[in-house]
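Input: a single structure, listed below in structure tokens.
The values are calculated or read from the model by the stated rules, or taken from the named source; none is laboratory data. None of the values given here were measured: they were computed from a predicted structure. Because the Cβ atoms are built from the backbone with ideal geometry, glycine has one as well, and the counts that use them run over all protein chains shown.
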Amino acid sequence: MTNTGQMICFDKETGLAYRLRRTNRQEALVFIHGFGSNQEHFRFAFSAPPLLEFTLLAVDLAGFGASPVPPGFSFTMHDQALLVLKLLDTLQIINFHLCGHSMGGLVVMNMAELAPGRTLSLINLEGNLTPEDCFLSGKVAAMSFTEFTTHGRKELERGFRLAGMKDPAMRDYAETFAATNSKALYKSALHTVQDSALPLVDKLGRINNSCYIYGDKNRTLFPAEKLLHDNGVPVFYIENAGHAMALENPRQLYNTIRQFIDSKHPGLFE
């Protein structure tokens with residue numbers, strides 16, 4: 001298959017939009033975005049020197065980015081995971097390293113549970129592990145769908161645009177959130193909050209070759225951090241970054257991801 005690293009492609013069977021760059025490596029590094037975002041959140045991965053040897057795939061989840069809302073879709077993290085795995089099958093990607101940001105952390109954890117024999121590593125970027133992690137999705141889930149669509153969404157978007165006047169990462173987020181389907185946002189928020197009530201830190205600790213990464217600005221802010229250390233999950237911190245570390249300090253983030261994968265799979269790229 002040809003290299004499509006800077007092109008958005010569409011899969012007819014799943015309806016998912018994605019960006020793919022193939023190399024001669026059979027293993028892929030798969031990126032899953034967070035709530036209100038899309039695959040563009042990981043755009044700097046495709047030019048990151050530490051990742052040049054990887055086949056890279058960044059996906060727009062159903063209802064996000066350029067991916068339409070499938071008829072009758074549930075928007076559970078489990079069903080999003082099933083859909084991405086179906087895309088991987090279509091692309092003939094057998095084994096993969098998973099990297100999920102925020103809500104996407106829930107999706108990749110479901111993928112690892114559904115396909116443990118194919119999951120080589122799991123990197124969780126400030127994924128939702130406890131109710132305290134569900135800051136924005138919690139706000140949306142606290143509304144009725146009518147409240148969200150009539151005024152709640154507009155108020156949130158106004159706040160994002162104001163914050164974006166000083167923060168480039170928030171300006172980026174304001175654009176992706178505004179382009180996301182309302183039904184996808186609302187139902188995803190409900191399921192994110194629902195899943196966060198589960199013992200997710202324990203679950204992450206049971207997934208082979210998993211780690212968790214925080215933006216250094218968020219160090220000690222969330223109760224999951226201590227739980228991760230207590231459960232023996234490797235935790236890393238990205239300097240000069242908050243939640244949007246893939247935009248705020250992509251150089252250190254992708255170096256950290258490469259170093260983690262190399263530590264768990266020595267000789268993979270020899």
Criterion violated by Asn208 - all others in (1) in a loop (DSSP other than H, G, I, E, B); (2) modelled with pLDDT of 95 or more satisfied: (2)
Can you pull out every residue in region 216-269 that is hydroxyl-bearing (Ser, Thr, Tyr) and either free of Cβ contacts under 8 Å to residues at least 40 places away in the same chain or touching a Pro at 6+ places or on another chain (Cβ under 8 Å) (or both)? Thr220, Tyr237, Tyr254, Ser263
In region 171-189, residues that are part of a helix (DSSP H, G or I), buried (at least 16 other Cβ atoms within 10 Å of the Cβ), touching a residue at least 60 places away in the same chain (Cβ under 8 Å) and not aromatic (Phe, Trp, Tyr) total 7
Identify, by number, the condition in (1) closer than 18 Å to Gln194 by Cα; (2) not in a helix (DSSP H, G or I) that Glu132 doesn't meet. (2)
Is it the case that region 215-223 has a residue that's at pLDDT 95 or above, in a strand (DSSP E or B) and surrounded by fewer than 19 Cβ atoms within 10 Å (Cβ to Cβ)? no
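Every residue, every condition in (1) over 11 Å from the mean Cα position of the chain (by Cα); (2) assigned to a strand (DSSP E or B), yes or no:
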site: Leu88; (1), (2): yes, no
site: Ile93; (1), (2): yes, no
site: Cys99; (1), (2): no, yes
site: Gly104; (1), (2): no, no
site: Ala112; (1), (2): yes, no
site: Gly117; (1), (2): yes, no
Under the condition of being assigned to a loop (DSSP other than H, G, I, E, B) and without any contact (Cβ under 8 Å) to a residue 40 or more places away in the chain, which residue from region 60-86 is nearest to the chain's Cα centre (by Cα)? Phe73
Filter region 34-72 for residues that are out of contact with any helix residue (DSSP H, G or I) (no Cβ under 8 Å at 6 or more places or on another chain) and of a type in the set (Val, Ile, Thr) and give the result. Thr55
One residue from Leu114, Leu106 being at pLDDT 95 or above, crowded, with 24+ Cβ neighbours inside 10 Å and closer than 19 Å to Leu204 by Cβ: Leu106
Where residues in region 190-211 are touching a residue at least 60 places away in the same chain (Cβ under 8 Å) and surrounded by fewer than 15 Cβ atoms within 10 Å (Cβ to Cβ), which of them is farthest from Gly36 (Cα to Cα)? Asn208
Considering region 239-270, residues that are among the aliphatic types (A, V, I, L, M) and outside any helix (DSSP H, G or I), and then whichever is farthest from Ser37 (Cα to Cα), we arrive at Leu268
